[in-house]
């Protein structure tokens, strides 16, 4: 094989691997994971003030995100908040690392078109100046801060705290809120980054 064919095969392998990792971190549940808790059916004689269990951790019940999460679960019963957070943490690492390397192809399927365009513009500007992107040192935490369902679009905001290395500037603490979105009617199980704001 010539050099061009080998390069195409290597790039195809890398793209396939990234898509596989994204699917395994943010994809639908397959049934092989632990069973998702469901609200118990009403029983005769059950006290009216006894709350039915909810399909997300107790820490999120009654919080700012609770109503939004319940709306998402009603629209997409396969949604599991704990599983989502695990996938969001994996996506954070993938996106930060791909941005640091200037890997535009890896970012394409992880971001909404608007966010992708802004990331590409930032990478291009950085490359023109000969600068390096921030590298992830450590992801300290990631937790759901808010959630909403608007029409068929589910949005979940995750607050991340991480340490990023920025070349000569050393290591800095990064506190950001990342909003992921997904059309609950779409067969595509993947969530995409739709917004980043300071936390």
Might you check whether a residue that is without any contact (Cβ under 8 Å) to a residue 24 or more places away in the chain, more than 16 Å from the chain's Cα centre (by Cα) and surrounded by 13 or more Cβ atoms within 10 Å (Cβ to Cβ) occurs anywhere in segment 120-140? yes
When residue 147 is evaluated against the numbered criteria (1) within 14 Å of the chain's Cα centre (by Cα); (2) surrounded by fewer than 15 Cβ atoms within 10 Å (Cβ to Cβ), which criterion, by number, is the only one it fails? (2)
Conditions (1) touching a residue at least 60 places away in the same chain (Cβ under 8 Å); (2) over 30 Å from residue 77 (Cα atoms); (3) surrounded by 15 or more Cβ atoms within 10 Å (Cβ to Cβ) -> residue 105 fails only (3)
Could you list, in sequence order, the residues of segment 151-183 that are under 25 Å from residue 77 (Cα atoms) and modelled with pLDDT under 95? none
With respect to residue 165, is the statement that it is exposed (fewer than 12 other Cβ atoms within 10 Å of the Cβ) and either within 18 Å of residue 94 (Cα to Cα) or under 18 Å from the mean Cα position of the chain (by Cα) (or both) true? no
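Does residue 173 satisfy being in a strand (DSSP E or B), surrounded by 16 or more Cβ atoms within 10 Å (Cβ to Cβ) and out of contact with any helix residue (DSSP H, G or I) (no Cβ under 6 Å at 6 or more places or on another chain)?
No.
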Test of understanding: among 99, 160, which residue is crowded, with 17+ Cβ neighbours inside 10 Å, more than 21 Å from residue 65 (Cα to Cα) and in contact with a helix residue (DSSP H, G or I) (Cβ under 7 Å, 6 or more places away or on another chain)? 99
Can you tell me which residue among 29, 38 is surrounded by fewer than 18 Cβ atoms within 10 Å (Cβ to Cβ), closer than 23 Å to residue 149 by Cβ and at pLDDT 50 or above? 29
Can you name every residue in segment 117-138 that is modelled with pLDDT of 95 or more and touching a helix residue (DSSP H, G or I) at 6+ places or on another chain (Cβ under 6 Å)? 119, 120
So which residues in segment 108-117 are free of Cβ contacts under 8 Å to residues at least 40 places away in the same chain and surrounded by 12 or more Cβ atoms within 10 Å (Cβ to Cβ), if there are any at all? 108, 116
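The values are calculated or read from the model by the stated rules, or taken from the named source; none is laboratory data. Please read all numbers here as calculations on a predicted model, not as lab measurements. Positions of Cβ are generated from backbone atoms using ideal geometry, with glycine treated the same way; all protein chains shown enter the neighbour counts.
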